[in-house]
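Below you'll find the structure, written out as structure tokens, and then a few comments.
The values are calculated or read from the model by the stated rules, or taken from the named source; none is laboratory data. Just so we're clear, the structure is a prediction, and the values are computed from it rather than from any experiment. Reconstructed Cβ throughout: ideal geometry from the backbone, glycine too, with neighbour counts over all protein chains shown.
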Amino acid sequence: MNKTSILALVAGSMLACSFVSLPALASKPPARVGAGPVAIVDGKEVPVPAIPMGDRATIEAILREGTTNNQVMTHLAHLTKTIGPRLTGSTRLDEANRWCKAQFELWGLKNARLEEWGTIATRFDRGPSRATALLRDEREKDGQKTIEYRKVRELQFSVQAWTKGTEGPVKGRVLRAPADDAEYAAMKDQLKGAWILLPAEPAVGQRGVRGRLGTNFEAREQARKDLAAGKKPEEIKLPQRLIVDGVAGFISTTRDERVWTGGVPGWRERPMAEIPDDLHLVVRLSDYDFLNSRIADSEPIELEVDLKHELKAGPIPCYNTIAEIVGTEKPDEVVIISAHLDSWDGPGSQGATDNGTGSAVTLEAARILAAVGAKPKRTIRFIHWTGEEQGLLGARAYVKANKDQLVKSVSACFVDDGGTNTQGGLPAASNMVDYLAAATAPVNFVFYSETDGKYLNVNIRNTGDTIGTHGSSDHAAFNQVGIPGFFWDEVGRADYGFGWHTQNDTYDIAIPEYLMQSATCSAIVAYNLACAPDLLPRVKKEEGKE
């Protein structure tokens, strides 16, 4: 067994011991048949393609650092617990941009910078937010009526970004929305200051819920315009008509226990002065059912909402954070390792799995390479994109501004944006398979999960003439101009949908052993491709579509 294989087994054993309970320490990862590193292509072990890659001593140093001194969870803790969720254009995202730049500088990377990609009209910072269900208790004693409120439930909810909050707690009765004009007339005198529970619509998933919120926002906006143009309130459809009756706001449900967050339509160009006094809470299904049941039982249920939203008039600049390990022989040629630093910011979320995990992986890959003194032949560029959640804004602007240079010089752009699972594979066009198989081979049979009972390996999937990927993350901006862009296959036991854009997206759902593998894998692949004979082959034809 050669030195590399011994290192792989020892490192895998050390990693397994780091994250298991005491009784499991005696177990060992299964021994591999055969010696030496192997590549994995289409799920099968194959000989490593004979393509010169990085220096073996450097690769072994990267593996040692990645398995015995990995700090990816420290980075993630700072991003999620200290800074918190990082909405595009927010104060917290600006803090995260500057913190990442400072980390790169601390580790000795070059050309660390914040690169502006555009501006937004209004800064939105979401502060502490709560919604508390109260039972109103009216009593009469000695001829005097007293009113007391009893807290019965804290709701899990979200409110669209770029909306106004409340000036302190707002308390009001919860009423079902009137179904027709007759119901409206019967309850009109009760509407002022009330929270209006909208009918539960069929389950449509995250994008459907956010789409509905946008549609409702636009319908109320149009109602205001119609009223200003002279329409009479009775000519406005329900439930939009209720805005003239001074309701506190609206409540709808997601139809499951997750609460998704989005932004108002036209958020980027909407000036602060044109943001209406709209409040629309989206609550999880169990909270909706609780409110609906109390109403059905004729109980005097009320809701107290406190939304500490801060708005600041722009223009507000937005940045990508960039730093480099400069190549020793071909500094103008580049391998990009990246993730998006922004996140949605709903109450409860810390922006962990989307995409604090990828951001921490990108940081740790840079730290590992700097710590071992890696000297790649090409430049390795680390980028934390922003504006991804609003349409790949940072990456698209970067590619548009630098297209001609990037097409000639960038070997590939890798994006880690799939949550807290492992970098378990890559889709690859046929002419890229050998390069990527050789670049990823040192990672195979190094990381072993006691929980999963298997090695955390990297499978290169041959997807034919093009890269069989999708267009919903920052890599797509590169594929559209013919530069190989890769979205890592995320493989493992994590339930991505549980945290994705929801109140559950916290540090606690991250899986340390998976992120350690991902950070080390990113470092290995970046270094190997930066030392390969040529740039990664291009697809035979430009993909063109997202």
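What the table below lists for this structure:
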quantity: Residue count, the stretch 240-272 (criterion: surrounded by fewer than 19 Cβ atoms within 10 Å (Cβ to Cβ), assigned to a loop (DSSP other than H, G, I, E, B), touching a residue at least 12 places away in the same chain (Cβ under 8 Å) and out of contact with any strand residue (DSSP E or B) (no Cβ under 8 Å at 6 or more places or on another chain)); calculated: 5
quantity: Close pairs (6 angstrom Cβ cut-off, 6 or more residues apart or separate chains): surrounded by 12 or more Cβ atoms within 10 Å (Cβ to Cβ) in the stretch 161-182, aromatic (Phe, Trp, Tyr) anywhere; calculated: ALA161/PHE124; TRP162/PHE124; TRP162/TRP267; GLY172/TRP195; VAL174/TRP195; PRO178/TYR184
quantity: The stretch 317-358, subset part of a loop (DSSP other than H, G, I, E, B) and β-branched (Val, Ile, Thr), residue farthest from ASP474 (Cα to Cα); calculated: THR328
quantity: Residue that is surrounded by the most Cβ atoms within 10 Å (Cβ to Cβ), among those in the stretch 483-534 that are among the small types (Gly, Ala, Ser) and under 30 Å from PRO347 (Cβ atoms); calculated: SER518
quantity: Answer residue from the stretch 273-295, given it is among the charged types (D, E, K, R) and not in a loop (DSSP other than H, G, I, E, B) and is surrounded by the most Cβ atoms within 10 Å (Cβ to Cβ) among those; calculated: ASP287
quantity: Cβ pairs under 9 Å, 6+ apart, first in the stretch 385-405 and among the β-branched types (Val, Ile, Thr), second assigned to a helix (DSSP H, G or I) and buried (at least 24 other Cβ atoms within 10 Å of the Cβ); calculated: THR386/LEU93; THR386/ALA96; THR386/LEU393; THR386/GLY394; VAL399/ALA477; VAL399/PHE478
quantity: Those strands (runs of 3 or more DSSP E) lying entirely in the stretch 94-199 with at least 1 residues not assigned by TED's automatic domain parsing to the domain that holds ARG268; calculated: 110-141
quantity: Options VAL372, VAL335, VAL326; residue that is of a type in the set (A, V, I, L, M) and within 25 Å of the chain's Cα centre (by Cα); calculated: VAL335
quantity: Check on ALA131, at pLDDT 95 or above, surrounded by 10 or more Cβ atoms within 10 Å (Cβ to Cβ) and over 20 Å from HIS75 (Cα atoms); calculated: yes
quantity: Meets criteria (at pLDDT 95 or above and not assigned by TED's automatic domain parsing to the domain that holds GLU115) for ASN421; calculated: no
quantity: From the options ASP505, ASP495, ASP416, residue that is in the same structural domain as ALA77 (by TED's automatic domain parsing) and without any contact (Cβ under 8 Å) to a residue 60 or more places away in the chain; calculated: ASP495
quantity: Scope the stretch 464-480; condition buried (at least 18 other Cβ atoms within 10 Å of the Cβ) and outside any helix (DSSP H, G or I); matching residues; calculated: THR466, ILE467, THR469, SER473, ASP474, GLN480
quantity: Any hit, the stretch 230-238, residues being modelled with pLDDT of 95 or more, under 32 Å from the mean Cα position of the chain (by Cα) and hydrophobic (A, V, I, L, M, F, W, C); calculated: no
quantity: Identity of the residue in the stretch 185-222, more than 27 Å from THR261 (Cβ to Cβ) and out of contact with any helix residue (DSSP H, G or I) (no Cβ under 7 Å at 6 or more places or on another chain), that ends up surrounded by the most Cβ atoms within 10 Å (Cβ to Cβ); calculated: MET187
quantity: Residue check, TYR527 in the same structural domain as PRO85 (by TED's automatic domain parsing), closer than 22 Å to LEU341 by Cα and hydroxyl-bearing (Ser, Thr, Tyr); calculated: no
quantity: Enumeration of residues in the stretch 484-508 that are assigned to a loop (DSSP other than H, G, I, E, B) and in contact with a Leu (Cβ under 6 Å, 6 or more places away or on another chain); calculated: PRO484
quantity: Matching residues in the stretch 156-205 - criterion: being in contact with an Asp or Glu (Cβ under 9 Å, 6 or more places away or on another chain) and among the β-branched types (Val, Ile, Thr); calculated: THR163, THR166, VAL170, VAL174
quantity: From ASN431, ASN402, ASN444, residue being over 26 Å from ILE62 (Cβ atoms), at pLDDT 95 or above, surrounded by fewer than 24 Cβ atoms within 10 Å (Cβ to Cβ) and not assigned by TED's automatic domain parsing to the domain that holds ALA526; calculated: ASN431
